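This report concerns only the one structure given below.
The values are calculated or read from the model by the stated rules, or taken from the named source; none is laboratory data. All of these numbers come straight from a predicted model, not from anything done at the bench. Cβ placement follows ideal geometry from the backbone for every residue including glycine, while neighbour counts extend to all protein chains displayed. These accessible areas exclude ligands, DNA and RNA; they are computed on the full protein's heavy atoms, side chains included. Shrake-Rupley method; radii C 1.70, N 1.55, O 1.52, S 1.80 Å.
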Amino acid sequence: MTNTALITGASSGIGLELAKIHASKGDNLVIVARRKDLLIGLKTELETNCDVDVLVVVADLSKPKVPEKIYKLMEKKKIKIKYLINNAGFGDYGEFHKGDLKLYQDMIEVNVSALTKLTRLFLPDLIKTEGKILNVASVAGFISGPFHAVYYATKAYVVSLTESLSVELKKTKVTATVLCPGLTRTEFHGAAGISEPLYSVSMSAEDVAKQGYSAMMNGKTIQVTGFINKVFLLFAKFLPTMWVANSVQTGMRLLTRKDD
Ligand SMILES: NC(=O)c1ccc[n+]([C@@H]2O[C@H](COP(=O)([O-])OP(=O)(O)OC[C@H]3O[C@@H](n4cnc5c(N)ncnc54)[C@H](OP(=O)(O)O)[C@@H]3O)[C@@H](O)[C@H]2O)c1
């Protein structure tokens, strides 16, 4: 397998679209997620339409030992990963003190720990193959999010880690990119128990993936998707942090029609 990309969370949404883009270049894939049927369906589609090899890895990234198992599987199968795309992630909605502690642990494990472990495990090889890293964070990584407190905190970690890596890696040919989407039409909101984003203020997963993939290929460090999100973050930089945090709740309610 050459120019192989490993994409976590490829069974739906942004990860699935990233997989389609990569396969359309004629390059092979390792796709990771829990839902085997969706991964097998994607493998069949990509192998038929794009003449590529796709390896399906059914794995639950909330289990702490899974990243190491994935790395060892690649070693065993002698698959050299050139593009590491840490996309898997999920969120929730509700008052922090009423939330399920196990859910928070799983969220931190998937959004933060698995991403960190996979990056650390694959990076020495990526340095040799002059590869690239794409970490999927969110606009949420730059602000605080009441009622999504843990999710926003996990995404702040992803932004910070990737920015640091991007600087550290300057002496190598590896680049680290962080993709920061705003509201995107995927299964994310349903899985988090929140209403779908309004069509007018959200982006398609395909457009988000296109921007992220292109940023990764160009070695860009931060890719915020969409004009509205860029303008929002520009304003947020100059406004008092707590004013922004207070506004997030109102904004999310308006943009997703959440009734609580
Ligand atoms: N949609 C948005 O508005 C939005 C905005 C900003 C950032 N993001 C970020 O974009 C990324 C992709 O999300 P999406 O919007 O495309 O949502 P999505 O359609 O729900 O996709 C999430 C992906 O993550 C995988 N995943 C979740 N938990 C997992 C686990 N324990 N183990 C392995 N895989 C797991 C899911 O696969 P399985 O369920 O099959 O395991 C799925 O493939 C996430 O990191 C999310 O935080 C989304």
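Among the criteria (1) within 9 Å of the ligand (Cβ to nearest atom); (2) closer than 20 Å to MET216 by Cβ; (3) not hydroxyl-bearing (Ser, Thr, Tyr), the one LEU29 does not fulfil is (1).
Every residue in segment 32-46 that is of a type in the set (Val, Ile, Thr) and within 7 Å of the ligand (Cβ to nearest atom), please. Give the steps one after another, and end with the answer.
If we filter segment 32-46 for residues that are of a type in the set (Val, Ile, Thr), which is where we start, we get 32, 40, 44.
Across segment 32-46, the qualifying residue is only VAL32.
In the set (1) of a type outside the set (S, T, N, Q); (2) surrounded by 21 or more Cβ atoms within 10 Å (Cβ to Cβ); (3) over 23 Å from PRO124 (Cα atoms), HIS22 fails one condition alone, (3).
Working carefully through the options ALA191, ALA153, find the one that is closer than 28 Å to PRO240 by Cα and either in a helix (DSSP H, G or I) or among the acidic types (Asp, Glu) (or both).
ALA153
What is the residue count in segment 194-206 for residues that are closer than 17 Å to GLY251 by Cα and outside any strand (DSSP E or B)?
Just the residues of segment 194-206 that are closer than 17 Å to GLY251 by Cα, to begin with: 194-203.
Then keep just the ones that are outside any strand (DSSP E or B); that gives 194-202.
So the count comes out to 9.
The residues listed here are ILE85, ILE14; of these, the one that is open to solvent by less than 20 Å² (accessible area, probe 1.4 Å), in contact with a Gly (Cβ under 8 Å, 6 or more places away or on another chain) and among the β-branched types (Val, Ile, Thr) is ILE85.
Does VAL174 meet the test of being touching a helix residue (DSSP H, G or I) at 6+ places or on another chain (Cβ under 6 Å), within 25 Å of ALA149 (Cβ to Cβ), surrounded by 13 or more Cβ atoms within 10 Å (Cβ to Cβ) and touching a residue at least 40 places away in the same chain (Cβ under 8 Å)? Talk me through it step by step, then tell me what you get.
Details: touching a helix residue (DSSP H, G or I) at 6+ places or on another chain (Cβ under 6 Å): yes; within 25 Å of ALA149 (Cβ to Cβ): no; surrounded by 13 or more Cβ atoms within 10 Å (Cβ to Cβ): yes; touching a residue at least 40 places away in the same chain (Cβ under 8 Å): yes.
No: the conditions fail for VAL174.
For segment 114-136, the candidate set comprises residues that are surrounded by fewer than 19 Cβ atoms within 10 Å (Cβ to Cβ) and within 20 Å of ALA156 (Cα to Cα); within that set, the residue that is farthest from the ligand (Cβ to nearest atom) is ARG120.
Checking the condition in contact (Cβ under 8 Å) with a residue 40 or more places away in the chain and open to solvent by 30 Å² or more (accessible area, probe 1.4 Å), which residue from ASP100, ASP60, ASP92, ASP53 passes? One residue alone meets the criteria, ASP53.
Consider GLY141 carefully, then state whether it is under 19 Å from SER12 (Cα atoms) and either more than 10 Å from the ligand (Cβ to nearest atom) or crowded, with 19+ Cβ neighbours inside 10 Å (or both).
No.
Remark: pairs (first residue in segment 187-209, open to solvent by 50 Å² or more (accessible area, probe 1.4 Å); second residue within 11 Å of the ligand (Cβ to nearest atom) and modelled with pLDDT of 90 or more; Cβ separation under 6 Å; 6+ apart in sequence or on different chains) = GLU187/SER12; GLU187/GLY13; ALA191/PHE90; GLU196/HIS189; GLU206/GLU17. Among the residues that make up segment 233-248, is at least one of them open to solvent by less than 90 Å² (accessible area, probe 1.4 Å) and among the hydroxyl-bearing types (Ser, Thr, Tyr)? Looking through segment 233-248, at least one residue is open to solvent by less than 90 Å² (accessible area, probe 1.4 Å) and among the hydroxyl-bearing types (Ser, Thr, Tyr). How about segment 88-106: which of its residues are part of a loop (DSSP other than H, G, I, E, B), closer than 18 Å to PRO146 by Cα and within 15 Å of the ligand (Cβ to nearest atom)? PHE90, GLY91, ASP92, TYR93, ASP100, listed by residue number.
When SER166, SER214 are checked against the criterion of being more than 16 Å from the ligand (Cβ to nearest atom), part of a helix (DSSP H, G or I) and surrounded by 14 or more Cβ atoms within 10 Å (Cβ to Cβ), SER166 stands alone in meeting it. Here LEU29 does not fit the description of being over 20 Å from GLY212 (Cβ atoms) and at pLDDT 95 or above. Could you tell me whether segment 181-198 includes any residue that is at pLDDT 90 or above, among the basic types (Lys, Arg), touching a strand residue (DSSP E or B) at 6+ places or on another chain (Cβ under 9 Å) and within 14 Å of the ligand (Cβ to nearest atom)? So far as segment 181-198 goes, yes, one or more of its residues are at pLDDT 90 or above, among the basic types (Lys, Arg), touching a strand residue (DSSP E or B) at 6+ places or on another chain (Cβ under 9 Å) and within 14 Å of the ligand (Cβ to nearest atom).
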